[in-house]
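Q: Got a structure for you, written out below as structure tokens; questions coming shortly.
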Amino acid sequence: MTTLVFGHKSPDTDSTGSPLIWAWYLSEVKGTPARAVLLGEPNTEAAFVLKHWGLAKPEIVADVAAGQACVVVDTNNPAELPPSINDANLTQIIDHHMLAGGLKTKNPIDITIRPLACTATIMHDLIGDDLAKAPRAIKGAMLSCILSDTLEFRSPTTTDHDRAVAEKLAADLGVKIADFAAEMFAAKSDVSAFSDAELLRMDSKEYTIDGKELRVSVLETTAPKVVLDRKASLMKSMEKVAKEDGADQVLLFVVDILKEEATLLVPNDLVKRIAEASFPCKVAGDSVVLPGIMSRKKQIIPALKM
């Protein structure tokens, strides 16, 4: 049976590239037939990365069959995985997020969760010397994942090891990091074709905070004005998206990559209460700027409270 390799729903660059990297490794190095799949359309940056490196977009699947062999990467949260994940034959998890709990497996499995900024960095270490066999596109995907997840080393999740691996890959590929990262972020920032609901779900994860079901959405951009000019319509759409997705509230953080700050939209008193309880701020209008806030994983989720 072919092993399916996939990341989380609303796939970003890491959840698009890492399945391709690991499926290559399993198939070509370990001799285990494997195929990368996605749990949704890749975001604009991930789509750019696929095109840039000549990688075919993996098939998008809605669920997995009972007994299907699979490897989960870049998440361990059941809310971000197919509905039938606990009926599948999960054999491995490779991740860099906090342990969520809730996954059940049929047998003992191989789990690697490390405090690094990117799943692809972990894969670099696990693959080791065999990475020399990888085609240029796989190495390019690995570099892209690291630059995306670290926001070109600006994110507080960045470790010295993430940077060293990226610089090593860039040298091998003959890529100038600053130039390539700028192209990636420009692609990430081009959201003009997306509806409000699509923007709210584009890079979004589900969390429960003090009994409230939250959809925590982040838009990382070098052109925050493009998103913030749609503030009024985005806030109107939040209630509809929350209702459709079974959430109590959508939180939208617009991260300005260059200024290294986030703007949280504040559509109601609940979000105002969450903002003032979670961050050192006072909300005076329908948005609040949070200096230095760039990482959902390290700075937003751990801080959220009512």
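The values are calculated or read from the model by the stated rules, or taken from the named source; none is laboratory data. Keep in mind that this is a model prediction, so the values were computed, not measured. Every residue, glycine as well, gets a Cβ built from its backbone with ideal geometry; the counts of neighbours run over all protein chains shown.
Q: I'm trying to understand the selection: among the residues of the range 65-102, which are crowded, with 18+ Cβ neighbours inside 10 Å, of a type in the set (A, V, I, L, M, F, W, C) and either at positive phi or assigned to a loop (DSSP other than H, G, I, E, B) (or both)?
A: Those that are crowded, with 18+ Cβ neighbours inside 10 Å, of a type in the set (A, V, I, L, M, F, W, C) and either at positive phi or assigned to a loop (DSSP other than H, G, I, E, B) (or both): L81, A88.
Q: Can you tell me which residue among D210, D229 is in contact (Cβ under 8 Å) with a residue 24 or more places away in the chain, out of contact with any helix residue (DSSP H, G or I) (no Cβ under 6 Å at 6 or more places or on another chain) and surrounded by fewer than 17 Cβ atoms within 10 Å (Cβ to Cβ)? Working first, answer last.
A: Values: D229 fails: in contact (Cβ under 8 Å) with a residue 24 or more places away in the chain.
It is D210.
Q: Answer yes or no: is there a residue in the range 43-57 that is part of a helix (DSSP H, G or I) and farther than 24 Å from R201 by Cβ.
A: Within the range 43-57 (the criterion being part of a helix (DSSP H, G or I) and farther than 24 Å from R201 by Cβ), the answer is yes, since at least one residue qualifies.
Q: A further question on this structure: Please tell me if L200 is in the same structural domain as T13 (by TED's automatic domain parsing), of a type outside the set (F, W, Y) and touching a strand residue (DSSP E or B) at 6+ places or on another chain (Cβ under 8 Å). Before the answer, list the steps.
A: Values: in the same structural domain as T13 (by TED's automatic domain parsing): no; of a type outside the set (F, W, Y): yes; touching a strand residue (DSSP E or B) at 6+ places or on another chain (Cβ under 8 Å): yes.
When the stated conditions are applied, L200 does not pass them.
Q: Using beta carbons and a limit of 6 Å, which pairs, at least six apart or on different chains, have the first residue in the range 15-28 and free of Cβ contacts under 8 Å to residues at least 40 places away in the same chain and the second one basic (K, R) and surrounded by fewer than 21 Cβ atoms within 10 Å (Cβ to Cβ)?
A: A23/R35
Q: T112 versus (1) part of a loop (DSSP other than H, G, I, E, B); (2) surrounded by fewer than 22 Cβ atoms within 10 Å (Cβ to Cβ); (3) out of contact with any Ser or Thr (no Cβ under 9 Å at 6 or more places or on another chain): which is the lone unmet condition?
A: (1)
Q: Now for a different question. So the check is Cβ under 6 Å with 6+ separation or different chains; which pairs have a first residue in the range 239-261 that's within 12 Å of L214 (Cα to Cα) and a second one that's surrounded by 15 or more Cβ atoms within 10 Å (Cβ to Cβ) and of a type in the set (S, T, N, Q)?
A: A242/Q249; L252/S217
Q: Additional query: Can you tell me how many residues within the range 1-54 are among the charged types (D, E, K, R) and surrounded by fewer than 21 Cβ atoms within 10 Å (Cβ to Cβ)?
A: Filtering the range 1-54 down to residues among the charged types (D, E, K, R) leaves 9, 12, 14, 28, 30, 35, 41, 45, 51.
Still in the list and also surrounded by fewer than 21 Cβ atoms within 10 Å (Cβ to Cβ): 9, 28, 30, 35, 41, 51.
Going through the range 1-54 one residue at a time, the tally reaches 6.
Q: Considering only the range 270-306, state which residues are under 22 Å from the mean Cα position of the chain (by Cα), among the aliphatic types (A, V, I, L, M) and surrounded by 19 or more Cβ atoms within 10 Å (Cβ to Cβ).
A: Across the range 270-306, the qualifying residues are L290, I293, M294, I300, L304.
Q: Residues to consider are L151, L116, L103; find the one that is assigned by TED's automatic domain parsing to the domain that holds E45 and closer than 17 Å to E45 by Cα.
A: Testing whether each residue is assigned by TED's automatic domain parsing to the domain that holds E45 and closer than 17 Å to E45 by Cα leaves just L151.
Q: Can you run down the residue pairs with Cβ atoms below 9 Å, 6 or more apart or on separate chains, where the first is in the range 61-73 and charged (D, E, K, R) and the partner is exposed (fewer than 15 other Cβ atoms within 10 Å of the Cβ)?
A: From the range 61-73, the pairs are D63/P83; D63/S84.
Q: Answer yes if at least one residue in the range 181-195 is within 23 Å of V288 (Cβ to Cβ) and in contact with a Lys or Arg (Cβ under 6 Å, 6 or more places away or on another chain), and no otherwise.
A: no
Q: Another one. Tell me, which helices (runs of 4 or more DSSP H) lie completely within the range 173-249 with 1 or more residues that are in contact with an Asp or Glu (Cβ under 7 Å, 6 or more places away or on another chain)? Give the derivation first.
A: Details: elements: 177-189, 196-202, 224-228, 231-244.
Hits in the range 173-249: 177-189, 224-228, 231-244.
Q: Got a sec? Which of V175, V191 is of a type in the set (V, I, T) and in the same structural domain as M142 (by TED's automatic domain parsing)? Steps first, please.
A: Numbers: V191 fails: in the same structural domain as M142 (by TED's automatic domain parsing).
Among V175, V191, only V175 is of a type in the set (V, I, T) and in the same structural domain as M142 (by TED's automatic domain parsing).
Q: Additional query: So, S10, is that one under 22 Å from T150 (Cα atoms) and not in a helix (DSSP H, G or I) or not? Give the steps one after another, and end with the answer.
A: Details: under 22 Å from T150 (Cα atoms): yes; not in a helix (DSSP H, G or I): yes.
Yes.
Q: When the range 22-47 is examined, which residues are found to be closer than 23 Å to D129 by Cβ and of a type in the set (S, T, Y)?
A: Passing the criteria: Y25, S27, T32.
Q: Another question, then. Look at T44 and say whether it is over 14 Å from T2 (Cβ atoms), assigned by TED's automatic domain parsing to the domain that holds V175 and modelled with pLDDT under 95.
A: Yes; evaluated as a whole, the condition is true for this residue.
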